[in-house]
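Q: If you scroll down you'll find the structure; I have some questions about it.
The values are calculated or read from the model by the stated rules, or taken from the named source; none is laboratory data. None of these values were measured; they are calculated from a predicted model. Cβ placement follows ideal geometry from the backbone for every residue including glycine, while neighbour counts extend to all protein chains displayed. Heads up: the accessible areas ignore ligands, DNA and RNA and are worked out on the full protein's heavy atoms, side chains in. Shrake-Rupley method; radii C 1.70, N 1.55, O 1.52, S 1.80 Å.
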Amino acid sequence: MLERALRKNSVKVTFVLPADAPPAEVSVVGDFNDWRPGVHSVAPRKDGNRAVTVELPKGGTHSFRYLAANDHWFNDDTADDQDGPNSLIHT
């Protein structure tokens, strides 16, 4: 699930996953962090989900995926669009 908060020149995007799906550590990787795992790892929230917030430039399109343990890649069903194996978010 994606949550968004608009700012003047950027958009804060919060990537949200259930607490146990998948049960391992998960990173959001994409063109905004040079596809580097660990830069944006999801962390537990008070509501029981896991999340990480990333500030992205307003007016762009960004590719991303989730990466869990054992090289398990997966997409976000709530993303704005898909481009091949990647999820897309429009800011």
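Q: Of everything in the stretch 2-25, what is within 21 Å of residue 81 (Cβ to Cβ) and either open to solvent by 80 Å² or more (accessible area, probe 1.4 Å) or aliphatic (A, V, I, L, M) (or both)? Give them in sequence order. So that I can check it myself, show each step before the final result.
A: Filtering the stretch 2-25 for residues within 21 Å of residue 81 (Cβ to Cβ) gives 2-6, 10-17.
Across the stretch 2-25, the qualifying residues are 2, 4, 5, 6, 11, 13, 16, 17.
Q: So, one more: Mind counting the residues in the stretch 79-91 that are polar (S, T, N, Q) and touching a residue at least 60 places away in the same chain (Cβ under 8 Å)?
A: Within the stretch 79-91, the subset polar (S, T, N, Q) is 82, 86-87, 91.
Narrowing further to those that are touching a residue at least 60 places away in the same chain (Cβ under 8 Å): 91.
Counting residues in the stretch 79-91 that are polar (S, T, N, Q) and touching a residue at least 60 places away in the same chain (Cβ under 8 Å) gives 1.
Q: Those residues that are open to solvent by 20 Å² or more (accessible area, probe 1.4 Å), of a type in the set (Val, Ile, Thr) and over 18 Å from residue 4 (Cα atoms), I need them from the stretch 26-85; list them, please.
A: Once the filter is applied, which keeps residues that are open to solvent by 20 Å² or more (accessible area, probe 1.4 Å), of a type in the set (Val, Ile, Thr) and over 18 Å from residue 4 (Cα atoms), the stretch 26-85 yields only 39.
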